[in-house]
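One structure is given here, and the rest of the page talks about it.
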Amino acid sequence: VQLQASGGGLVQAGGSLRLSCAASGSIFSLTAMGWYRQAPGKQRDLVATITSSGSANYVDSVKGRFAITRGDDKNTVYLQMNSLKPEDTAVYYCAANRGLGFQYWGQGTQVTVSS
């Protein structure tokens, strides 16, 4: 499974960004896709996941601000990020799960929120 993420950038606090992740390769058995983020000097943390049936889950800090969705082709996942805060600054990684955990990772896209 190959994942290609895009859509990061620099935005002011309160602004919005939309991340995209396109999956290719052996995608027929994907059970879930998700987004993680890693701030400088910190561990990589889960942000949001969405299952193949469309069930979404979020870390508490982004609930009500972020939305994870899947494209009609089921091979693309989006992360709409609204009301961004400086603490959302991180490298965001797309991830895919084929039933044994999130084992597949995209290259990461930088999101920087200025105050």
Index of the failed condition, ARG37 passing every other in (1) under 13 Å from the mean Cα position of the chain (by Cα); (2) among the basic types (Lys, Arg); (3) surrounded by fewer than 13 Cβ atoms within 10 Å (Cβ to Cβ): (3)
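Residues checked against (1) of a type in the set (Lys, Arg); (2) under 24 Å from GLN2 (Cβ atoms); (3) surrounded by 15 or more Cβ atoms within 10 Å (Cβ to Cβ):
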residue: LEU17; (1), (2), (3): no, yes, yes
residue: GLY41; (1), (2), (3): no, no, no
residue: ALA67; (1), (2), (3): no, no, yes
residue: SER83; (1), (2), (3): no, no, no
residue: PRO86; (1), (2), (3): no, no, no
residue: ALA90; (1), (2), (3): no, yes, yes
residue: GLY101; (1), (2), (3): no, yes, no
residue: THR109; (1), (2), (3): no, yes, yes
Matching residues, the range 9-30, being over 11 Å from TYR78 (Cα atoms), assigned to a strand (DSSP E or B) and either touching a Pro at 6+ places or on another chain (Cβ under 9 Å) or of a type in the set (A, V, I, L, M) (or both): LEU10, VAL11, ALA23
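Condition check ((1) assigned to a strand (DSSP E or B); (2) more than 14 Å from VAL47 (Cβ to Cβ); (3) touching a residue at least 24 places away in the same chain (Cβ under 8 Å); (4) under 11 Å from the mean Cα position of the chain (by Cα)) across all residues:
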{"residue": "THR69", "(1), (2), (3), (4)": "yes, no, no, yes"}
{"residue": "ASP72", "(1), (2), (3), (4)": "no, yes, no, no"}
{"residue": "TYR78", "(1), (2), (3), (4)": "yes, no, yes, yes"}
{"residue": "LEU84", "(1), (2), (3), (4)": "no, no, yes, no"}
{"residue": "VAL91", "(1), (2), (3), (4)": "yes, no, yes, yes"}
{"residue": "CYS94", "(1), (2), (3), (4)": "yes, no, yes, yes"}
{"residue": "TYR104", "(1), (2), (3), (4)": "yes, yes, yes, no"}
Members of the range 7-37 that are hydroxyl-bearing (Ser, Thr, Tyr) and modelled with pLDDT under 95: SER24, SER26, SER29, THR31
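Determine if the range 39-56 includes at least one residue that is under 13 Å from THR109 (Cβ atoms), part of a strand (DSSP E or B) and in contact with a Ser or Thr (Cβ under 9 Å, 6 or more places away or on another chain). Don't jump to the end; show me each part of the working.
Step one: filter the range 39-56 for residues under 13 Å from THR109 (Cβ atoms), giving 47.
With the extra rule that they be part of a strand (DSSP E or B), the set shrinks to 47.
Now narrow it down to the ones that are in contact with a Ser or Thr (Cβ under 9 Å, 6 or more places away or on another chain): 47.
Yes, there is a match, as at least one residue in the range 39-56 is under 13 Å from THR109 (Cβ atoms), part of a strand (DSSP E or B) and in contact with a Ser or Thr (Cβ under 9 Å, 6 or more places away or on another chain).
The values are calculated or read from the model by the stated rules, or taken from the named source; none is laboratory data. Note that the structure is predicted; figures quoted are calculated from it, not measured. No Cβ is skipped: glycine too gets one built from the backbone with ideal geometry, and neighbour counts run over all protein chains shown.
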